[in-house]
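Enquirer: Please see the structure below; I have some questions.
Bear in mind that the values in this text are calculations on the coordinates, not laboratory data. Since we're looking at a predicted model, the values are computed, not measured. Counting neighbours? That spans all protein chains shown, and the Cβs are built from the backbone with ideal geometry, glycine included.
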Amino acid sequence: MQITINDQPLDFTLERNETLGEVVREIKAWLEGSDLVLYSVKYRERDLLASPAEQWEGTAHTEVEELAVTVRPTAELRLENLLTVLEYLELLDRSLKEASEAGLAELAPGFAAMVESVEQVAPGEPALERLSALLAEGEAGPLAAWPSERVQEARQAVEGLQALVRRRLERFGDPRAAALELTESLARCRGDAEQVAPLLQTGRDKEAMNAIIRFSDLFQGVGGVLHALGAAGRPLRSLGDRSLQEFYTEMNGFLSELLEAFAAQDSVLIGDLMEYEIAPRLEQLGAALGEIA
C-alpha cells in the first residue's frame, strides 16, 4: 500500500497492520501530541472518515493500492469550527424568533456537535447549559406553544454564546496574538527538527516523519501571519542580515532539497537538513516574531 500525507509519500512500512482500521489508528497515533489533526483518509476519492467505520475498517490493507491522508493544523480547524458554530447559532436564533418548528427540526441533528464545539473552548459555560435544558427533547414541547418568556430566555442564551464565540474569533484576527502563538509553535518545531536525525538513526521513522509534517504545515502558515502583521503596520523587516524575501528564498531551497532527499530515501541528508539548516532558521524566525509579539 502506498500512503501519502498531504501529497508527500510515506517512505516507511507500517508494522503489523492488516486492516484499514489498524492503519488509520496507527496514523492517529503518530499525530498525538502534535499540532496536527487527521482531516481525511481517502481511498479512490472516498473519504473513509466520512463513512461508517464498519463499512471499511475490516478491509485488508493488501487490497488497497493507495491511501491519501490529509492532516491540518489544529488552530486552522478550530477557526473553521468556530465559524460554523457562529453560523449555527444565527440560524437557531432566527428559528426561535420566527417560531419556526421546521427550522428548529432541521437544526436538531447538529445541536450535539455545536455543544461539543463550545465545550472545547468554554467548558461549563452557563449559557450553553441553560440552552440545552430549554431545548431538551420531551421538555420543550412545540415551539409555537412556548411562553414568550421561555423564547426570550433561549434567545438570550444564544446571544451569550454568540458573544463568546465572537470573542474567540477576535483572537484569530489579532496578528500580534497570532505571532505570539506562532512563536511558541516554532520553538517546539525547532526542537523537533533537531531530533529528526537521531530518530532516523535509531529506526524511529514514524516519529521523524511526524516532526517533518508538523514543520511543513507550520511553515505554510507563517506567510499568512507575516502578511497580517504587515497589513497591521508591524512588518517583519529582516532576519539577521537577510531580508524577509531572502529568508524565504533560502527556506524554499532547503524545502526542495528535503523533497529530493525523501525521493532518494536519503535519511542522512534529511536529518542534516533539518538539524543544521532548517532548525537554526526556525529559531531566527521565532526570535523575530517574538520581538513583535
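Enquirer: Computed FRET efficiency, Cβ-Cβ of E63 and Q152, R0 41 Å: what is it to the nearest 0.05?
Expert: On the way: r = 58 Å, r/R0 = 1.40.
With R0 = 41 Å, the Cβ-Cβ based efficiency is 0.10.
Enquirer: Looking at V85, A145, A99, which one has the Cα that reaches farthest to the positive end of the dipole of the stretch 78-172 (charges on Cβ: Lys, Arg +1; Asp, Glu -1)?
Expert: Among V85, A145, A99, the one farthest towards the positive end of the dipole of the stretch 78-172 is V85.
Enquirer: Still on this structure, I have one more. Note down the net charge around S100, summing +1 for each Lys or Arg and -1 for each Asp or Glu among other residues with Cβ under 12 Å from its Cβ.
Expert: Summing Lys/Arg as +1 and Asp/Glu as -1 gives -2.
Enquirer: Another one. Give me the extension gain from L255 to A29: residue separation times 0.36 nm, minus the current Cα-Cα distance, reported in nm with one decimal.
Expert: The span from L255 to A29 would gain 78.8 nm if fully extended.
Enquirer: Using a Förster distance of 41 angstrom, determine the FRET efficiency expected from the C-beta separation of E22 and R242, and round it to 0.05.
Expert: For R0 = 41 Å, the calculated efficiency reads 0.30.
Enquirer: If the chain between S132 and D47 were fully stretched, how many nm would it gain, using 0.36 nm times the residue separation less the Cα-Cα distance?
Expert: On the way: separation 85, 0.36 × 85 = 30.60 nm, distance 3.17 nm.
27.4 nm is the gain from fully extending S132 to D47.
Enquirer: Would you mind checking which residues have amide H under 5 Å from L67's amide H? H placed 1.01 Å from N; only 5 or more apart, or other chain.
Expert: The answer is Q2, I3, T4.
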